[in-house]
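Here's the structure we're looking at; comments come further down.
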Amino acid sequence: MYSQFLSRFRKPPHAAGIYLTDSKFVIHSIHYTDRWIGVVGSPIHVLASDSSTEALGQSLREMLASTRYGLADQEEARELRKVFLKEAGFKSWKALQQDARYCQINENGKHLQLIPSRNGGWSGPDRGFRWLEDAKVTVAVSVTDAGLGRALLETMQRCQ
């Protein structure tokens, strides 16, 4: 089985993602299927776009700690995505992605990497979010919540 093959390797990192729209941050955990495919999911936090750096950092830490592994199948992943949209207050992925910025945070034990993206829109050949690896921000896991929140704001500024 493919999942048995993957089990010989290191698990994917604890991860979280953040959408920034006009008025709010939508911070979510990332879960993994048994084939290590990342899926957005609950829990999520919705915070005002003018939230304190400390609140942003605390929320990010909670989402990183919520990463789950071994989702059984695509049906479970589909259900997580539906719940996510409802909790985030959006009717569709198109509505969420329209003018949003997005970054992902990966924890590798000693560091947190915040990776910004470029929003290619909802349709066309460049659609979706594309990682801007050269623009990532790295901080120590031990950074304060306020420091993590500042790193998030810096990363969001690097999004395109």
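The values are calculated or read from the model by the stated rules, or taken from the named source; none is laboratory data. The shown structure was predicted, so the numbers you read here are calculated from the model rather than taken from an experiment. Using ideal geometry, Cβ is built from the backbone for each residue, glycine included, and neighbour counts are taken over all protein chains shown.
The table below lists the values:
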| read-out | value |
| --- | --- |
| Where a residue in region 67-90 is surrounded by fewer than 17 Cβ atoms within 10 Å (Cβ to Cβ) and of a type in the set (S, T, Y) and its partner, wherever it lies, is at pLDDT below 85 and part of a helix (DSSP H, G or I), with Cβ under 9 Å and at least six apart | none |
| Listing of strands (runs of 3 or more DSSP E) fully contained in region 106-160 that carry 1 or more residues being more than 16 Å from L56 (Cα to Cα), in contact with a helix residue (DSSP H, G or I) (Cβ under 8 Å, 6 or more places away or on another chain) and polar (S, T, N, Q) | 111-119 |
| Failed condition for V137, given (1) within 22 Å of D22 (Cα to Cα); (2) in contact with a Ser or Thr (Cβ under 7 Å, 6 or more places away or on another chain) | (1) |
| S59 of a type in the set (S, T, N, Q), touching a strand residue (DSSP E or B) at 6+ places or on another chain (Cβ under 8 Å) and in a helix (DSSP H, G or I) | yes |
| Residue match in region 72-89 (condition: out of contact with any Ser or Thr (no Cβ under 7 Å at 6 or more places or on another chain), over 22 Å from L153 (Cβ atoms), modelled with pLDDT of 90 or more and not in a helix (DSSP H, G or I)) | no |
| Which listed residue is of a type in the set (K, R), surrounded by fewer than 20 Cβ atoms within 10 Å (Cβ to Cβ) and at pLDDT below 90, from K24, K94 | K94 |
| Enumeration of residues in region 103-128 that are out of contact with any strand residue (DSSP E or B) (no Cβ under 6 Å at 6 or more places or on another chain) and either among the hydroxyl-bearing types (S, T, Y) or within 14 Å of P12 (Cα to Cα) (or both) | N108, G109, S123 |
